[in-house]
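All remarks here apply to the structure that follows.
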Amino acid sequence: MTMSVHTNTGAMIALQNLNKTNDDMLGVQNRINTGLKVAGAKDNTAIYAVAQGMRADIRALGAVQTGLDRATTIGDVALAAGESISDLLVQMREKATAAMDPSLDTFSRQAYDGDFKALLDQVNVILQNAEFDGANILNGTITNGIEFLADADAARSVTLKSQDMSIGGTIITIANTASLGTVTLATAAVAAIKTSLDNVNQALANLGSDTKKLEAHSNFVGRLVDSLTKGVGNLVDADLAVESANLQALQVKQQLGVQALSIANGQPQIILNLFGG
């Protein structure tokens, strides 16, 4: 190798190696600071693109799960209200059956009729309050059910069907004007209540099935989000144990690089000895 005071090849090589070590150390430090081996597109373009796509799916599925949780709560509220209505119908049947007794005096019949109408009013109160987040699937305001997103692409949906339990409707057939004032009226009320009770119980079964389906799909979406999150982590998360070992190795290389550069920078001094200096 040529010995020159103008060009120190050894120092240039030592400096290049030291710069490379410093660059490697900077990369390790960034991975330790962020906890990510792929923090941006320049770290690994392909993996970053895949990870970003998966992150977008995770966010979209989060919105889907929020909607499904809302749907499940609407169903739960409706179920609670429907079960209370079923209980009230049972009590109404008891009153109506008692009012069919032809031996009742006027006072007793009026008492049964008053209790019956109070229970009927309570059914209406429950129907109007069976609402969550502005949605009521029991009072007839929603006719075709409510659709909720089922996937991140908004390509599919699941439906929570409405069950119109309005008084005098197809499920609760007894009229708002029903009375137990006479044996004939009480007999008619008993028949209507029996039909209504069967209809309500069937509607509750349908509603329970829909709500259970929504809960199952919500659980699936939750597991899917967990799997995607794990997948993103596998792609971009740094192994901090490995990075710690790399950092220690690079620190040693850096110290050796500094020493090598110092030695290379001292080589021109040898030239002075050649001239008896």
> Taking only the alpha-carbon atoms of the range 1-155, what semi-axes of the equivalent ellipsoid follow from 5 times the gyration tensor eigenvalues under a square root, in whole Å, largest first?
Replying inline: 81, 14, 9
> How about Lys213: which aspartates and glutamates have a C-alpha closer than 17 Å to its C-alpha, ignoring those fewer than 8 places off in the same chain?
Replying inline: Asp69, Asp76, Glu147, Asp151
> Over the chain, what is the mean sequence separation of C-alpha contacts under 8 Å (at least six apart), divided by residue count, expressed as relative contact order in percent?
Replying inline: 32
> In nm, what is the difference between 0.36 nm times the number of residues separating Asp133 and Leu247 and their Cα-Cα distance?
Replying inline: 35.7 nm
> With θ set to phi - 60° and the Karplus curve 6.51 cos²θ - 1.76 cosθ + 1.60, what are the ³J(HN,Hα) couplings of the range 239-256 in order, to the nearest whole Hz, using x for Gly and Pro?
Replying inline: 7, 5, 5, 5, 5, 5, 5, 4, 4, 5, 5, 5, 5, 5, 4, 5, 5, 5
> So what are the ³J(HN,Hα) numbers for the range 17-27, from phi and the Karplus equation (6.51, -1.76, 1.60; θ = phi - 60°), rounded to whole Hz, Gly and Pro as x?
Replying inline: 5, 5, 4, 5, 4, 4, 5, 5, 5, 4, x
>> Solvent-accessible area of Asp237, probe 1.4 Å, all protein chains present, reported in Å² to the nearest ten, please.
In response: 80
> GNM, the chain, Cα, under 10 Å: largest mean-square fluctuation among Lys42, Lys213, Lys161?
Replying inline: Lys42
> Quick one: Karplus J couplings for the range 223-235, per residue in order, coefficients 6.51, -1.76, 1.60, θ = phi - 60°, nearest Hz, x for Gly and Pro?
Replying inline: 5, 5, 4, 4, 5, 5, 4, 4, x, 4, x, 4, 7
> When the Cα centres of the range 60-105 and the range 211-255 are compared, how far apart do they sit, in Å?
Replying inline: 45
> List the aspartates and glutamates whose alpha-carbon lies under 16 Å from that of Lys194, not counting same-chain residues fewer than 8 positions away?
Replying inline: Glu83, Asp87, Glu94
> Under the classification rounded if a/c is under 1.5, otherwise prolate if a/b is larger than b/c and oblate if not, where does the chain fall, given a ≥ b ≥ c as square roots of the Cα gyration tensor eigenvalues?
Replying inline: prolate
> What order do you get for 31-41, 170-180 when each peptide is scored by the mean count of other beta carbon atoms within 10 Å, highest first?
Replying inline: 170-180, 31-41
> What are the lysines whose alpha-carbon lies under 17 Å from the alpha-carbon of Lys230, with same-chain residues fewer than 8 places away excluded?
Replying inline: Lys37
> How far, in nm, would the chain grow between Thr106 and Asn219 when pulled straight, counting 0.36 nm per residue and subtracting the alpha carbon separation?
Replying inline: 34.9 nm
>> I'd like the FRET efficiency for Asp153 and Thr34, computed as 1/(1 + (r/R0)^6) with the beta carbon distance as r and R0 of 22 Å, rounded to 0.05.
In response: 0.15
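The values are calculated or read from the model by the stated rules, or taken from the named source; none is laboratory data. Just so it is clear, the structure is predicted and the values come from calculations on it, not from any experiment. Quick reminder, even Gly has a Cβ in these numbers, built from the backbone with ideal geometry, and neighbours come from all protein chains shown. Ligands, DNA and RNA are stripped out before the accessible areas are found, and what is left, the full protein with its side chains, is counted by its heavy atoms. Shrake-Rupley method; radii C 1.70, N 1.55, O 1.52, S 1.80 Å.
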